[in-house]
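To keep things clear, I will list the structure first and then write my remarks on it.
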Amino acid sequence: MPWTSEHTKWLIDTGERLKTADGKEVEVWEFRHEKDEAVLSAWAKHFRNHYCLDAEIDFLRGKQTRKDYLNTLKFPCCSTKLGPGIRAGDFGEILVADYLQWLLGFWVPRVRWGAKVIRDESPKGSDVIGFRFHKKDCSTSPKDVLIVFEAKTKFSGSGKNRLQDAINDSAKDHLRIGESLHFIKQKLFDKGNRKQAELIDRFQNPVDVPYKESFGAAAIISDEHFDTNAIVSSNCGKIPKAPKSKEHIPHPNGDSLVLLVIKGPGMMDLVHELYRRAADEA
């Protein structure tokens, strides 16, 4: 398989814990990436396969080179108005997926990013969903866990509080779990992964076959745009009732919401370099 976890050794828990305006704990991690050619190449392959499996690219690309196919049809564009932001967003979601899978032990199906119709758009639905079975044989247990994370990035000088944006968006996750699970199941089935698709069944009937639910909000921020004051001003107890509403309500899962910040140097440059390498080395 094309997946690797080598780059996750650069994810370091700083031990620092911040408090939001409503007293919720925020874990602060650092992404201390290095110029390690072997790790970067393996990571680029891992990253590329989220958009198109290496085993399928030669059929899908037609008469284009692999590089041209990826750069013109699959990867968000580096130079359009929306492309760089979509690149940053996809990168952040995939990094959080890696965090959940390789550091916390969840199974995170990688079906979201390759299913795009328009490359310079974000996929619909919840950002990252992971599953953890309590029993090794994956038989059902009330201790099984489904986790849903919203991920937002800040690699430029916008004035937005991206952790608050992630908190706000995560308030919708409990409403769209059914659609998101169906999407994952369908895509796994389409790829011929029937056994994996069948595992999703277990999480589609929480009334008769209960399990634990966990929700999270993550902000991935470049060091030069990291602002502690913005992070601690975040508030799970006060989110907009609707996207542009001035009326506020508490987050439906605010008491148990997992809050995460990952910061690192030169993140936008890293994003563009990862996409370049992923295409060049295809």
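Taking every DSSP bridge with both residues inside the chain, close to 40 percent are antiparallel. Taking the Cβ of A230 as the center, what net charge do the other residues with Cβ under 10 Å away carry, scoring Lys and Arg +1 and Asp and Glu -1? Value of the local net charge: +2. When you count the other C-beta atoms within 10 angstrom of each residue and take the mean per peptide, 104-114, 170-180, 87-97 line up highest first as 87-97, 104-114, 170-180. Computed over the chain, relative contact order equals 24 percent, with contacts defined as Cα pairs under 8 Å that lie 6+ residues apart. Highest average first, the peptides 189-200, 255-266 ordered by how many other beta carbon atoms sit within 10 Å of their residues are 255-266, 189-200. Applying a threshold of 31 Å to the alpha-carbon distances of K124/K154; K24/K195; K185/K212; K81/K195; K154/K191 flags K24/K195; K81/K195; K154/K191 as lying beyond it. Straight-line cross-link reach from K74 at under 16 Å between alpha-carbon atoms covers these lysines, not counting any fewer than eight positions away in the same chain: K45, K63, K116. Multiplying the residue separation of E6 and S41 by 0.36 nm and removing their Cα-Cα distance gives an extension gain of 11.6 nm.
FYI, it's all coordinate maths here, none of it is from the lab. Computed from a predicted model, the values in this text were never measured in an experiment. Using ideal geometry, Cβ is built from the backbone for each residue, glycine included, and neighbour counts are taken over all protein chains shown.
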